[in-house]
Amino acid sequence: MQKYLISSFIALMLFVSCESSDKSGFSIDDNELLYVSDTISVGISVTDEGFLTVSASATEESSAEKRFFLRANGSTLPFREEKDDEGKKFYASGQYRIYKTDEEFQIYRNDLFLFSSVFRLSGKRLLEEKQTGEGELMYGMGQSSKSIIKGNDSYSLYHYPQYGDQTYMFIPQIYSSGGDSFYYNSHVYDTVRFGARESGLFETATGSKRLEFIYRYADTPEQAVSDFYRFSSSQNLLPRWAYGFIQSRYGYRNQQEVIDLVDDFEKREIPLSAVVLDLYWFKHMGDLDWDKENWPDPAALDSYLEERDIKLITISEPYVTSDSPNYSVMADQGLLGTNSEGQPVRWKDWWCFDSADGSIMNPFADYADEFWGSQYIRMREQGIDGFWTDLGEPENVPRTVRMNGLQEHEFHNYYNRAWSEMIYRSMKEEYPDERLFILSRSGYTGSAGYGVSNWSGDVPASFEGLADEIPLGLNASLTGFSYWGSDVGGFTGEPDPELLVRWYQFGLFSPVFRAHGTGPREPWSRGEEAESLISGLIDWRYRLLPYIYSSAWQTAVSGIPMMRPLFAEYPGDGEAWRIEDEYFFGDSLLVAPVTAAASKEKSRKYYLPEGNWLNLFDLSEREGGWHEEPFGLSQMPVFAREGSVIAMNDKGREALFIYPGTGKSSATIFSDDGWSEKYREGEGERLEISLEGKELTISGARESREIVIIIPVGKDLRESAVYLEEGITVSFDLKGF
């Protein structure tokens with residue numbers, strides 16, 4: 001969907017609603033265009049990287065949250081006053097033209113209609129009413145909605161977990177199908193309300209009487225999302241093991257239980273990359289250390305796991321109970337949330353368990369790195385490879401809590417990001433070249449840049465809950481959280497075998513594949529038939545790991561998320577903009593998870609954009625358009641598009657699975673040591689592959705070796721070994737297959 005051109009008399013208006021005054025007027029001050037009225041002032045600036053910042057204010061008071069705000073990339077450009085061919089005066093800066101009539105701004109990108117805004121005061125709140133192009137669809141807002149298309153809904157920007165539903169994480173980034181991208185430097189409890197779908201209307205409001213957004217136009221939705229990832233510093237690469245299969249449960253209670261778990265995986269020949277420990281690894285909340293009664297020899301456990309190349313992840317929460325050895329130390333050093341008199345606020349909540357009460361830790365404190373950060377360094381030295389930061393919305397914190405002069409409603413949404421940043425900063429001091437893995441239930445804009453993998457929260461074990469995961473994952477991915485996942489099997493309740501298998505299918509094609517719940521979610525937990533199917537799915541995960549890892553690297557270097565709406569790949573397809581239950585996983589694979597019980601729905605309806613498509617599992621082909629067919633429990637709709645090149649690990653052999661088409665396509669396959677930050681310096685191999693019909697060209701090999709080319713021919717797979725030479729571009733004719 002494209003923006004449309006519009007004549008000047010109905011062009012973009014930025015209207016300030018207020019009474020006229022002799023003092024109202026416009027001026028240019030230090031590359032900023034200013035408008036001042038009796039009640040509201042507006043400032044506009046433009047940078048040489050195409051960002052337009054609009055700030056409206058009805059107060060002279062400073063914003064406490066301003067320390068967390070993002071700034072437009074690039075250097076500000078000057079404004080100049082000009083006249084168009086009709087003699088109308090406008091202000092120009094960069095690619096933008098800004099007209100004014102009375103109290104209105106009219107803004108163009110050349111002759112392209114962008115959006116309109118009306119600022120007005122309503123009681124104690126400052127409101128903005130925005131109109132993008134008519135007929136445009138709206139997207140974004142983080143993991144806060146069970147629909148990717150926004151319309152007839154409203155959002156109050158205050159993170160919260162809902163047990164048996166999801167974690168609501170609000171990221172104030174909004175896209176339109178016309179190429180608009182708006183990021184709001186929001187305050188906690190700001191609201192966003194969307195008009196009807198395809199109306200292009202939404203309203204923002206704040207009690208702070210300050211509204212600021214940063215705008216950028218993009219020609220394609222992929223470019224818009226990529227621009228946001230770079231702008232918000234959301235790019236990073238997790239260690240390679242984090243993209244394998246991770247087993248968790250609430251929870252494994254002792255050292256022997258973990259050893260028995262891993263022995264079971266070995267006995268059943270099911271691959272495993274990491275084990276997660278929930279609350280039972282420590283004695284008191286906030287200890288951040290082993291309960292030696294149940295975990296008598298952590299060093300031996302670490303050795304046992306490392307011998308099998310299995311990593312360990314442990315949970316930590318932002319709370320510390322008053323009977324923890326860390327409590328008095330943290331209180332003395334000012335590392336706890338306090339009241340207005342500077343005394344730690346203590347209260348009783350479920351996380352206290354048998355303890356009398358506790359407090360919340362303060363990641364903004366001056367000595368947070370020195371004490372709290374050092375605990376994570378010690379944990380790493382004890383063999384803990386990843387950190388699970390839970391309850392960091394933060395959950396149920398009294399409104400009386402203060403942190404470094406910030407009230408709860410001022411630090412709330414930013415808390416988890418500060419926690420992640422503190423861990424990241426501390427770990428980088430000690431292990432500067434190691435990548436970090438933080439599994440987090442919450443976050444904010446830019447959290448992913450600190451090695452954060454977000455998941456959807458305490459979701460229900462139901463087919464409805466599974467269906468909701470698709471839009472939750474897409475919304476997170478659109479707003480900076482590429483390495484997203486869910487509790488495979490659902491967290492609350494107990495899945496039957498059918499549901500567990502279907503959720504494992506979805507997990508296979510999720511950026512992070514982790515099973516977790518209040519009860520058993522292990523592959524063998526629902527009988528032999530389910531175990532056979534699930535173990536096959538986990539095998540597929542490791543078979544596809546080179547493709548998955550390359551897709552993750554694409555996020556790190558290009559800001560393109562692993563999980564994408566169909567419109568990101570097919571922006572010219574009007575139907576693709578409305579599909580909410582399918583997605584692309586990387587460049588090549590379209591995934592349409594089965595999210596209903598067979599007793600309720602006998603078939604799955606799905607959409608394929610124009611072209612030819614290959615079912616990855618049974619090698620049957622489909623043409624673009626709507627389809628409906630049954631999928632047994634061992635099947636699911638996953639299709640490779642024509643021209644796909646998919647890197648695989650084929651029984652230990654390096655392989656390329658190729659589905660030739662008639663046009664041109666390309667792929668980049670990335671590999672490196674899997675753990676260091678050297679990829680940022682260009683280390684690692686990038687196999688550049690181009691495919692034109694059946695002419696295959698490969699370049700960029702860092703070492704000479706043999707790889708296997710696999711091509712589907714009918715319902716069969718044919719293969720041939722080819723030899724790559726270091727530094728040499730090689731071409732192959734695939735017509736002989």
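Here are the numbers for the structure shown:
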read-out: Rg to Rh, two decimals, where the chain supplies the alpha carbon set and Rh follows Kirkwood; value: 0.98
read-out: Cβ-based charge dipole, the chain, positive-most Cα from L121, P546, F737; value: L121
read-out: Selection from I377, S340, V258, by position along the positive dipole direction of the range 253-388 (Cβ); value: S340
read-out: Inter-probe distance in nm under a simple model that places probes 7 Å from Cα toward Cβ, at R80 and E683; value: 4.8 nm
read-out: Cα pair distances in the range 204-321, grouped into 10 Å bins until the bin that holds the longest one, percent each; value: 11, 29, 21, 16, 15, 7, 0
read-out: Cut-off 12 Å between beta-carbons: net charge of the residues surrounding P78, Lys and Arg +1, Asp and Glu -1; value: -4
read-out: Summed residue charge, Cβ within 10 Å of F51's Cβ, Lys/Arg positive, Asp/Glu negative; value: -1
read-out: Ascending count of other beta-carbon atoms within 10 Å, so fewest first, for K100, K348, K694, K267; value: K267, K348, K694, K100
read-out: Cα extents of the range 625-725 along the three principal axes, largest first (Å); value: 47, 30, 27
read-out: Relative packing of peptides 494-506, 665-677 - highest average C-beta neighbours within 10 Å first; value: 494-506, 665-677
read-out: Simple spin-label estimate for H409 and S340 in nanometres, 7 Å along Cα-Cβ; value: 1.4 nm
read-out: Rg/Rg_ref, the range 8-217, where Rg_ref = 2.2 N^0.38 Å and atoms are Cα; value: 1.02
read-out: Cross-link partners of K88 among lysines (Cα-Cα below 16 Å; sequence separation of 8 or more within a chain); value: K100
read-out: Hydrodynamic radius of the range 380-476 per Kirkwood, over alpha carbon pairs, in Å; value: 15.1 Å
read-out: Exposure proxy order (Cβ contacts within 10 Å, fewest to most) of Y158, Y243; value: Y158, Y243
read-out: Net charge dipole size for the chain [Lys, Arg +1 and Asp, Glu -1 on Cβ; Debye, nearest 20]; value: 980 debye
read-out: For I149, I579, I360, order by how many other beta-carbon atoms lie within 10 Å, fewest first; value: I149, I579, I360
read-out: Full-extension gain in nm, E203 to E498, via 0.36 nm per residue minus C-alpha separation; value: 101.9 nm
read-out: Cα gyration tensor of the range 528-597 - equivalent ellipsoid semi-axes, whole Å, descending; value: 25, 19, 7
read-out: Ordering of 655-663, 716-724, 470-478 by burial proxy (mean other Cβ atoms within 10 Å per residue, highest first); value: 470-478, 655-663, 716-724
read-out: Evaluated over the range 563-736, the Cα radius of gyration and Dmax, each in Å; value: 17.8, 56
read-out: Of K602/K664; K267/K715; K311/K605; K267/K651; K146/K678, pairs whose Cα-Cα distance is over 30 Å; value: K602/K664; K267/K715; K311/K605; K146/K678
read-out: Cβ-based net charge around E61, under 10 Å, with every Lys or Arg adding one and every Asp or Glu removing one; value: +1
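Each reported figure results from applying straightforward, stated rules to the coordinates on display, with no laboratory input. Quick caveat: nothing in here was measured; it's all calculated off a predicted structure. Quick reminder, even Gly has a Cβ in these numbers, built from the backbone with ideal geometry, and neighbours come from all protein chains shown.
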